[in-house]
Amino acid sequence: MFGFLKKKANRSVVYKRQDHCISRKNIDPDALKVLYRLSSMGFTAYLVGGGVRDLLMGRKPKDFDVGTSAKPNELRKIFRNCFLIGRRFRLAQIRFGAKVIETATFRQNSQSVGEIIEHAAEGPQEDNTFGTPETDAYRRDFTVNGLFYDIKDFSVIDWVGGMKDIKNRVIRAIGDPNIRFQEDPVRMMRAVKFSSRLGFTIERKTFAAMKRHHACILSASQPRVCEEVFRLFTYGHSAEAFKLMWRTGMLGDLLPELAAAIDKTGGEKSVEWKYLEVLDELEKIREKEGLEVSNGLRAAVLMTALLKVERKDGASRRVMQTMLTTLKIPKTAYFTAVLLMESRVRLCKPPTKPRSRFIYNRDFLDALDYNRILVRAEGGDERTVNAWADLYDQKGINNECEELVQG
Ligand code: ATP
Ligand code: MG
């Protein structure tokens, strides 16, 4: 009879220290400093987001984010090295040299960090966005990104069923995916990114919502979409990622000519996937070396299937123009990509004196990589590309000799 007076049951599941694999020795010492400091002052302090997900999977997190009950003005008082960014919801960046530990007060709305920063220029707004750990878990995008690691007792707190989804390798939207994707369409690209990067399947309803609402991606902010497009290449899973973009329809929305070229060249069996697979091999090598493939090279490889279909004079410019208009890729990436596409006529012939000046071009190494990717993907002979590479190495030796002579 008094059932309605009962306190709402605590719906979180707590995994004690012995029930999960997160060890403090894998957490960044500066992130630990922030967590301990907040906790010792009586605030709730959790490690949140992708860092918890990666630690649970035995991967090295890219960055460590903190969620706390401390308000931004309190954070500023506690940490001398604290900088507040954004107006509507102030995100604290606690800086340790070049390293930043992003620390955010628990929130309740579903606005994403990208939007907060975009709105920063709009001026101060009424701040009723703070929330509890529970609301903060539910405003996140996917269950695997909604877990909290509590520094107080080293437990993992799960409001959203993320632990089970990590175990089953599933990307599942928190709440109704139809609502969550319309609210922020970039989340659909994030689903693609996490699924391809982690090798997770996208849960059925989440995937159905992506197929239904794919066109909403056109209403998202261009800089955010452009940034996510280039993120799809990182870690060397671009073939899976762009295949998913194509299957959901998002590629057709963002780059319709490319999607049409993929359809025309065999769809699931298109040479597009082969180009991207070979690029992915290079991405993995560069990542191990601590280097990054240039966005110009990435853009050129992505658009090559369309270039092959066009086959007309000036096609490189026209093909790359489509990335400039719908995605507003940076001009430098555009010009590099055009140059790489145009380098094909030069680098498909063995180097001779008049042609060999090209090795001094700033983008020569990218051009070499681009041509190798094409030849390898098409199952061709790499001897000509190797000859150009040898000539370049020779140039290095010549330069060194010159320096020695001059020295
Ligand atoms: P990565 O390893 O690429 O950094 P991440 O999961 O840490 O992956 P971030 O973009 O750094 O992703 O975001 C940190 C956390 O913020 C996410 O794990 C998620 O909980 C939340 N988040 C980020 N973007 C959104 C969004 N658009 N909508 C809802 N929650 C988001
Ligand atoms: Mg992150």
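Things to note:
- Look at region 48-65: where a residue is assigned by TED's automatic domain parsing to the domain that holds CYS21 and a partner is polar (S, T, N, Q) and more than 7 Å from ligand 1 (Cβ to nearest atom), sitting 6+ places away or on another chain with Cβ atoms under 9 Å, you get LEU55/SER23; LEU55/ASN26; GLY58/ASN26; LYS60/ASN26; PRO61/ASN26; ASP65/THR103.
- Residue within region 102-112 that is at pLDDT below 95, open to solvent by less than 40 Å² (accessible area, probe 1.4 Å), small (Gly, Ala, Ser) and part of a helix (DSSP H, G or I) present: no
- Flag if ASP165 is part of a helix (DSSP H, G or I), within 16 Å of ligand 2 (Cβ to nearest atom), among the charged types (D, E, K, R) and in the same structural domain as PHE43 (by TED's automatic domain parsing): no
- Flag if TYR36 is over 22 Å from the mean Cα position of the chain (by Cα), within 16 Å of ligand 1 (Cβ to nearest atom), modelled with pLDDT of 95 or more and open to solvent by 10 Å² or more (accessible area, probe 1.4 Å): no
- Output for region 133-165, where each listed residue is open to solvent by 20 Å² or more (accessible area, probe 1.4 Å) and more than 24 Å from GLU227 (Cα to Cα): PRO133, GLU134, THR135, TYR138, LYS152, ASP153, PHE154, TRP159, VAL160, GLY161, MET163, LYS164
- Whichever residue in region 193-230 is surrounded by fewer than 19 Cβ atoms within 10 Å (Cβ to Cβ) and polar (S, T, N, Q) and, among such residues, is nearest to ASP253 (Cα to Cα): SER219
- From THR206, THR135, residue being polar (S, T, N, Q), outside any loop (DSSP other than H, G, I, E, B) and touching a Pro at 6+ places or on another chain (Cβ under 6 Å): THR206
- Of all residues in region 72-83, those being surrounded by 15 or more Cβ atoms within 10 Å (Cβ to Cβ) and over 13 Å from LEU35 (Cα atoms) number 4.
- Selection status of ARG190, outside the structural domain of SER294 (by TED's automatic domain parsing), within 16 Å of ligand 2 (Cβ to nearest atom) and open to solvent by 50 Å² or more (accessible area, probe 1.4 Å): yes
- In the set GLY97, GLY86, GLY58, GLY67, only one residue is of a type outside the set (Val, Ile, Thr), closer than 26 Å to ILE22 by Cβ, within 23 Å of the chain's Cα centre (by Cα) and more than 16 Å from ligand 2 (Cβ to nearest atom); that residue is GLY58.
- Scan of region 232-252 for residues that are in a helix (DSSP H, G or I) and free of Cβ contacts under 8 Å to residues at least 40 places away in the same chain, ordered by number: LYS243, TRP246, ARG247, LEU251, GLY252
The values are calculated or read from the model by the stated rules, or taken from the named source; none is laboratory data. Predicted model only: the values in this text are computed from it and were never measured. Note that each Cβ is placed from the backbone with ideal geometry, even for glycine, and that neighbours are counted across all protein chains shown. Remember, those area values only see protein heavy atoms, side chains included, never the ligands or the DNA or RNA. Shrake-Rupley method; radii C 1.70, N 1.55, O 1.52, S 1.80 Å.
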